Amino acid sequence: MDLESKLDFSDVLICPRPSALNSREDVSLTRTYKFVHAPSTWTGTPIMASNMDATGTVAMAKALAQEDAIGCLSKYIDRATLIDALGHHDGRHAFFSMGATSAELDRLRSVADSVAVSKISIEVANGYRDSFVKFVADVRREFPAAIILAGSVCTPDGTVALINAGADIARVGIGSGSVCITRSIAGIGYPQLSAVIECSDAAHDLGGLICSDGGCTVPGDVCKAFCAGADFVMLGAMFAGHKECDGEIFYEERDGQKRPVRMKFYGMASKVAQDEHCGGVPAYAAAEGKCVAVPYRGPVAATLTEILGGLRSMMTYIDAAEMVALKDKARFVRVSRQLNTLYGVA
């Protein structure tokens, strides 16, 4: 039994150090990645939008592509729209998303018959199932040149299993998302900062990469994830509520005009998502996500600018001109729970 204390993003701060960087213009957020299985490379800004219904839209992927960031397209987008999106120039910054069923593998084959699918995200809630690891291996054999992101896991052994099976990037995070209630329902999970630290070490030892998924509520959390060793950071709630999202918008009357004020956002294991896509929650299961209304925030460009600005600022504080240097340059200091409360941190 492992009862060692583990850490979330709110438990630490990044300690500044003497820096030769005089301006945020002196840093680069662009990274070039080589992959342990895929023969290609990818260069860009390693921020991803989650493939949830709300954020995994073509409009979101196109908006993020303007900053060379990535959109993971929802697996519920229709085939024709997917083919058009992946065939467009912005498709270089988009992942095809799927679960781990034979029907979804057939869907991947169908799309790949019409357009090159160079990046594949395979996601299930429980990435520890033997059948899932085998499925990842099957997809790797059939699509040997594709960059494969697979998960979710939250421990080094789970990460190693996915990398060895054929994943280039392990998706790390269970129960850490704002609309995920797996920790409440099943008691399963791992504090996200420690998960990133431990899983990145395990992946990097094999030449693999990780994507931190969940737990980021402010730009500083994104900074901490990269400093902990994440190669990519996936965001759901931070990208929710924008013009590029899909979902019901709630309006209110102001000065005789209807203005958008909130937008529906739900986890993909929620009853709302299960009702929408699966005919309801199975009798043998419990919903492990929730539905909320988040503030409507207009175009995502302003939010992305804030996130990238936070990263640049952090890098100047720790003398890191390139993102590849972050884990070596960063030093975390633990924050007491009393101080967390003082500053309003959950």
**Report entry** Residue match in the stretch 88-102 (condition: more than 19 Å from the chain's Cα centre (by Cα), free of Cβ contacts under 8 Å to residues at least 24 places away in the same chain and closer than 25 Å to residue 177 by Cβ)
**Finding:** yes
When (1) out of contact with any Phe, Trp or Tyr (no Cβ under 8 Å at 6 or more places or on another chain); (2) in contact (Cβ under 8 Å) with a residue 24 or more places away in the chain; (3) under 30 Å from residue 272 (Cα atoms) are applied to residue 50, the one that fails is (1)
The strands (runs of 3 or more DSSP E) lying entirely within the stretch 242-319 that contain at least 2 residues which are open to solvent by 80 Å² or more (accessible area, probe 1.4 Å) and β-branched (Val, Ile, Thr) are none
Filter the stretch 190-200 for residues that are touching a Leu at 6+ places or on another chain (Cβ under 9 Å) and assigned to a helix (DSSP H, G or I); the one that is most open to solvent (accessible area, probe 1.4 Å) is 197
Q) Hey, any hits in the stretch 237-253 for a residue that's out of contact with any Pro (no Cβ under 8 Å at 6 or more places or on another chain), of a type outside the set (Phe, Trp, Tyr) and at pLDDT below 90? A) yes
Across (1) outside any helix (DSSP H, G or I); (2) under 23 Å from residue 231 (Cβ atoms); (3) out of contact with any strand residue (DSSP E or B) (no Cβ under 8 Å at 6 or more places or on another chain); (4) among the aliphatic types (A, V, I, L, M), residue 115 clears everything bar (2)
Taking first residues from the stretch 255-274 that are under 11 Å from residue 180 (Cβ atoms) and second residues anywhere that are among the charged types (D, E, K, R) and part of a loop (DSSP other than H, G, I, E, B), the pairs with Cβ under 8 Å that are 6 or more apart or on different chains are 266/53; 266/290; 267/288; 267/290; 268/53; 269/288; 270/288; 270/290
Counting only residues in the stretch 201-237 that are part of a loop (DSSP other than H, G, I, E, B) and aliphatic (A, V, I, L, M), the one surrounded by the fewest Cβ atoms within 10 Å (Cβ to Cβ) is identified as 206
Restricted to the stretch 146-181 and to residues being in a loop (DSSP other than H, G, I, E, B), at pLDDT 95 or above and among the small types (Gly, Ala, Ser), the residue surrounded by the fewest Cβ atoms within 10 Å (Cβ to Cβ) is 166
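The values are calculated or read from the model by the stated rules, or taken from the named source; none is laboratory data. Predicted, not measured: the structure shown is a model, and the values here were computed from it. Virtual Cβ from ideal backbone geometry, glycine too; neighbours counted across all protein chains shown. Side chains are part of the model used for accessible areas, which takes the heavy atoms of the whole protein and leaves out ligands, DNA and RNA. Shrake-Rupley method; radii C 1.70, N 1.55, O 1.52, S 1.80 Å.
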